[in-house]
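Notes for the one structure printed next.
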Amino acid sequence: MDVTLTADDLAFRDEVRAFFHDEFPEDIREKQDRGIPLDREDMVRFQQLLHKKGWAGVNWPVEYGGTGWNIVQKYIFSSEMAMANAPEIVPFGLGMVGPVIYTFGNEEQKQKFLPDILASKVWWCQGYSEPGSGSDLASLKTKADLDGDEWVINGTKTWTTLGQYADWIFCLVRTSSDVARRQEGISFILVDMQSPGLTVNPIITIEGGHEVNEIHFENVRVPVGNLVGEEGKGWTYGKVLLEHERTGTAGVHRSAFRLEKLREQAATSVRGGEPLANDNNFMRKIAAVEVELKALEFTELRTLAAVSSGKAPGAESSILKFKGTEIQQAIDTLFMEAAGYYALPFVPQQFRFDYPEDEFIGEGSETKTALKYFNYRKASIYGGSNEIQRNIVAKHVLGL
Amino acid sequence: MDFSLNDIQSMLLDSVQKFIANDYDFDKRQSYSDSEQGFSSEVWTTFAELGWTAIPFDEEDGGIGGGPIDLMIVMEQFGRGMIVEPYLANIVLAGGVLRRVATTEQKSQWLEPLIGGELQAALAFVEPQGRYDIANITTTADSDGDDWVISGTKSVVFNGGNARLLIVPARTGGDPSDNDGITLFAVDTGADGINVRSYKTVDGHQAADISFDDVRIPDANRLGDVGAGFATLDAVIDDATLAVCAEAVGIMRILTEKTVEYSKNRVQFGVPIGSFQALQHRMVDMFTACEQTYSLLVWASMTASAGGDEAKRAVSAIKYQVGTVGRKVGEEAVQLHGGMGVTWELDVAHYFKRLTAIGQILGNADLHLDRLAVN
């Protein structure tokens, strides 16, 4: 047993650290530090910077332009990226559809889609959930009927994150109802967002923001070549994707960074006449979350070590999802508690570059804490709710 | 990044697992625990023969030079086997002091027979008023010519009733709770002025309250420098804390396994109770608690050899975890076993009691969380 970094690892860490220090655009850094939301162009610019360095396809194999990094390098990269407060890589292209295409797609699809995904030239979004199919995803009703050499899609997808920016959407659709199990007959299909009959409607979430959308398909025609892998096997592809995805959703480095910030803030902010750090109750809550997070960091490392020794990420990765999001939400709660009264003002517009400084209400991001808290209640719901994750562990790990 | 065991560690794990599977079932454990001395001398001799009593000691002292990971492996299995033999008291606590500060002569006098399994020892680090503050020592040692005269009271000394050798931290200077002024002494329990009141503890182990009334010992029995015992004591207590946490992980895991198994077999309303989602999620949380606690244990064991602030934080983190989610796992195991869970007959009840006892010793969850909360 040993987690000591080798000289090579340390050199790699220094290289990554230097990259984020020297080449991370100053305006994006400032937005991140001040809690100003990034726009589409910011995110694309950041990812293209990673691409230029050869670091966009973190998990991708070298043959498709990926980094080919080992788990230690991925771990270091993720940690340095979080500590630099860099934006997270938007997962839909690089983390989701890319791996499905290079794993299950045909040569033509690989050539057509992978380079643009890697270069963040095309923005992807995800069409899984439906108004009637949340946790019970296999009940999905959006269907694709074959008509000549085209699939004709009808139905509604929902909770499509950043769909308003997207050029393409990957969907799970029903291509056959004549099946023994509901999980069969579902296919994985790629759709151009410009297709006639496709409309995007915004959904405003609890904190007032526009992140997610409802997407309607009315006789949307898609070439047969856009179906990935075998017809009717989409569920399997989607599941593989989700398991891989979950190993990354623990967000331990991001949470570690935020806890560090919270401790700093508690030590310096003097609301109430003295630093919050003097409040032992509050500091004990921070410490308790830190213990959980440290445990999760090692649980994730143990999972990754198992994966790198050839084992598939199994149902245990569900633990990473529900513990990781519980910790994220606990941190959001602590930030809100730290803000006291100043969690109340609802002035999201002041988190803009050009907002006049003398009209700013509260200190730093105080007035965003409640909004973040409300927004992040989504974390225990998305990606398979935390209850579904517990069902998965009960069934596949405990054999219940 | 490597979480696998090396060859020696795998052999060690294998030998402890085999011993427990073949020679240490629950009924035997209970009979050893119920005996007058509270453990089996025969088993203790076997531990020595198998080399387990030699693990943390240097090769030149007759040990095998093992580290925190080796100890973690053994203690986790001892948890699973619910071992009552006083490994913690002899090897981790008393042995931990001896290996750090004993002179060559002192080692041949006490450490050699300790490793050989012939000497029972204990570290009397708790005082009635001290609670979890190991520096809060009012027992005094006064210099008198070439001798020291010790007076005071020690409480809940693990293995105190069986120990021939007592290691006694006493105050030779400073005020109660000062780190400076604590000196460690080796005391033969046969010495005049010692009164030992031994008793069983709720977890099937044994301990004693011991008073010292002008107990006279030669300066040759002083362990380490005068007034400088705290650092040793502190390091040994950290070792012991890590060791009982490893034991706790073993208990948590076996309790979770037994609960899952029971829920598959216990039929109510015509179906196994494990088919109820309300119970499934609780067992998933038990399983998760085991994984998370083992993760902290791995971190703490890896960090322990390096020492420093991070090692201390790691010890507090794992002990806090064991004191909170560990206790919860014990409570859930009992709850999910229903009425059977609260019977003396079922092993689950005894695992639960040991897990609870571990939460009570060497600093409880509150104390360790307080240490972590400091900015």
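The values are calculated or read from the model by the stated rules, or taken from the named source; none is laboratory data. As the structure is a prediction and not an experimental result, all values here were calculated from the model. So basically every Cβ, Gly included, is an ideal-geometry build from the backbone, and we count neighbours across all protein chains shown.
Highlighted here are the strands (runs of 3 or more DSSP E) found entirely within the stretch B:134-208 that include at least 1 residues which are at positive phi and touching a Ser or Thr at 6+ places or on another chain (Cβ under 9 Å): B:147-158. Screening the stretch A:261-306 for residues that are surrounded by fewer than 18 Cβ atoms within 10 Å (Cβ to Cβ) and away from chain B (no Cβ under 11 Å) and picking the one that is modelled with the highest pLDDT gives A:Lys261. Would it be correct to say that B:Ala278 is surrounded by fewer than 16 Cβ atoms within 10 Å (Cβ to Cβ), outside any helix (DSSP H, G or I), among the small types (Gly, Ala, Ser) and within 14 Å of another protein chain (Cβ to nearest Cβ)? Answer is no for this residue. Candidates B:Phe276, B:Phe287: the one that is of a type in the set (Phe, Trp, Tyr), outside the structural domain of B:Glu127 (by TED's automatic domain parsing) and farther than 25 Å from B:Ala357 by Cα is B:Phe276. When we screen A:Ser133, A:Ser187 for residues that are out of contact with any strand residue (DSSP E or B) (no Cβ under 9 Å at 6 or more places or on another chain) and crowded, with 17+ Cβ neighbours inside 10 Å, the only hit is A:Ser133. Taking the stretch A:149-184 as the range and being small (Gly, Ala, Ser), buried (at least 19 other Cβ atoms within 10 Å of the Cβ) and assigned to a loop (DSSP other than H, G, I, E, B) as the test, only A:Ala166 passes. Surrounded by fewer than 16 Cβ atoms within 10 Å (Cβ to Cβ), among the acidic types (Asp, Glu), in a helix (DSSP H, G or I) and more than 14 Å from every other protein chain (Cβ to nearest Cβ), is that true of A:Asp358? So A:Asp358 passes the test. Can you pull out the residues in the stretch B:91-108 that are crowded, with 16+ Cβ neighbours inside 10 Å, outside any loop (DSSP other than H, G, I, E, B) and touching a residue at least 60 places away in the same chain (Cβ under 8 Å)? Selection gives B:Val92, B:Leu93, B:Ala94, B:Gly96, B:Val97, B:Leu98, B:Arg100, B:Val101, B:Gln106. Among the conditions (1) closer than 19 Å to B:Met75 by Cβ; (2) away from chain A (no Cβ under 14 Å); (3) in a helix (DSSP H, G or I), the only one that B:Phe57 does not satisfy is (3).
Here B:Gly341 qualifies as over 28 Å from A:Phe322 (Cα atoms), without any contact (Cβ under 8 Å) to a residue 40 or more places away in the chain and crowded, with 17+ Cβ neighbours inside 10 Å. Against the criterion of being in a helix (DSSP H, G or I) and at pLDDT 95 or above, B:Leu71 qualifies.
Please determine, by comparing only the residues of the stretch A:314-329 that are surrounded by fewer than 20 Cβ atoms within 10 Å (Cβ to Cβ) and modelled with pLDDT under 90, which one is farthest from the other protein chains (Cβ to nearest Cβ). Of everything passing the filter in the stretch A:314-329, A:Gly314 is farthest from the other protein chains (Cβ to nearest Cβ).
For the stretch B:55-64, the condition holds for at least one residue, the condition being that it is in contact with a Phe, Trp or Tyr (Cβ under 8 Å, 6 or more places away or on another chain), within 29 Å of B:Ala235 (Cβ to Cβ), free of Cβ contacts under 8 Å to residues at least 40 places away in the same chain and not assigned by TED's automatic domain parsing to the domain that holds B:Gly326.
Summed over the stretch A:261-281, the residues that are of a type in the set (Asp, Glu) and more than 15 Å from A:Gly364 (Cβ to Cβ) give a count of 2.
When each of A:Val240, A:Val228 is tested for being in contact with a Pro (Cβ under 9 Å, 6 or more places away or on another chain), among the aliphatic types (A, V, I, L, M) and under 17 Å from A:Ile186 (Cα atoms), the lone residue that passes is A:Val240.
Reported count of residues in the stretch A:201-212, each being within 17 Å of A:Gly132 (Cβ to Cβ) and buried (at least 18 other Cβ atoms within 10 Å of the Cβ), is 1.
In the stretch A:23-50, the residues that are in a loop (DSSP other than H, G, I, E, B) form Cβ pairs under 7 Å with partners that are not hydrophobic (A, V, I, L, M, F, W, C), at six or more places apart or across chains, as follows: A:Pro25/A:Arg45; A:Gly35/A:Ser365; A:Gly35/A:Lys368; A:Ile36/A:Arg352; A:Leu38/A:Lys31; A:Leu38/A:Pro87.
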